[in-house]
Amino acid sequence: MKKLKVLVADSQVVVRQQLLQELNKDTHIEVVGAVGDGREAYEIFEREEPNVVIFDLLLPIYDGYALLEKMNEHGIGNGQELIMTTPLTSDLLVSEAFRQGVDYVLTKPYDASLAVGKIKRIHEKINRVRNMPSVGAGLTYRKVTGMENMKTYGIQGMESVYQKLDEIISKSLNEIGIPARLKGYRYLTTAIKEVLKNDEVLDAVTKILYPDIAKKHNSTAQRVEKAIRHAIEVAWSSGENNSSQMPYQYIIRAGKSRPTNSEFIAKLAQDIKLECQKQVVAC
């Protein structure tokens, strides 16, 4: 099995060290470089052709966008994945990153294990394709994600795209009996958007997702969790009264009357992502 070649570029020494510590735990991952500026990162990218590049937007010399431009000029091959990290959360900034070829965006501060988890999944995905019996020499791996749709939109069209996504989420929540007056409605809306951007947060709901939502809504992680739980209870009560309107009954495991918060969010995000793809909406 070929090792997954990873390039790390972040101006913060502590961040690089944390990522390296997590990456080095996996013998199937080879770190081809861990640098603090964009120019050096590009030199390694050109020479080593890594499978994954995780880089910060605010790099010195070549910032994240300049590095992206250089990598695009060189050519980003099939099977190469780009993960951008940033302390900024502007929708315009994120959409521009996707437009230029970024596959995933992580908002700082983030858990290093979260980023490495994403990298490992990329590794598994590439190896599954490589090991398929029907794969011939002329077939190359190419990822397809919901985020990829965003690359078809210019900056001018992004406002309508986000509005359409909000409409799809709102319709889904209303259909399962969660009214907009509930705090859990707003928290679920944010949760779904976060999962659509990075599904790894589902592996760290208490540690990552709830605190992120709380920060955005000036609340606490405990209140977020409680409000989402209440919203699910309201939805389930509505569904029990009218089973024909309870579309998520099949996610209940045997012996459980209700799904966990993370199960519920995951199912909602999955269905909304499919709906976005049907309507050719970036999400």
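The values are calculated or read from the model by the stated rules, or taken from the named source; none is laboratory data. Fair warning: this is a prediction, and the values are worked out from it, not measured in the lab. Heads up, the Cβs are rebuilt from the backbone with ideal geometry, glycines too, and the neighbour counts pull from every protein chain shown.
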(1) farther than 24 Å from Phe98 by Cα; (2) at pLDDT 80 or above; (3) crowded, with 18+ Cβ neighbours inside 10 Å all hold for Ile208 apart from (1)
Ser170: of a type in the set (S, T, N, Q) and at pLDDT 80 or above, yes or no?
yes
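Residues that are farther than 30 Å from Leu202 by Cβ and among the β-branched types (Val, Ile, Thr): which strands (runs of 3 or more DSSP E) entirely in region 23-111 hold 1 or more of them?
On the way: elements: 29-35, 52-56, 81-86, 104-107.
By residue number, 29-35.
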Just to verify a result, which residue in region 46-79, among those that are without any contact (Cβ under 8 Å) to a residue 40 or more places away in the chain and aromatic (Phe, Trp, Tyr), is farthest from Gly101 (Cα to Cα)?
Tyr62
Only unsatisfied item for Arg39, checking (1) in contact (Cβ under 8 Å) with a residue 60 or more places away in the chain; (2) over 23 Å from the mean Cα position of the chain (by Cα), is (1)
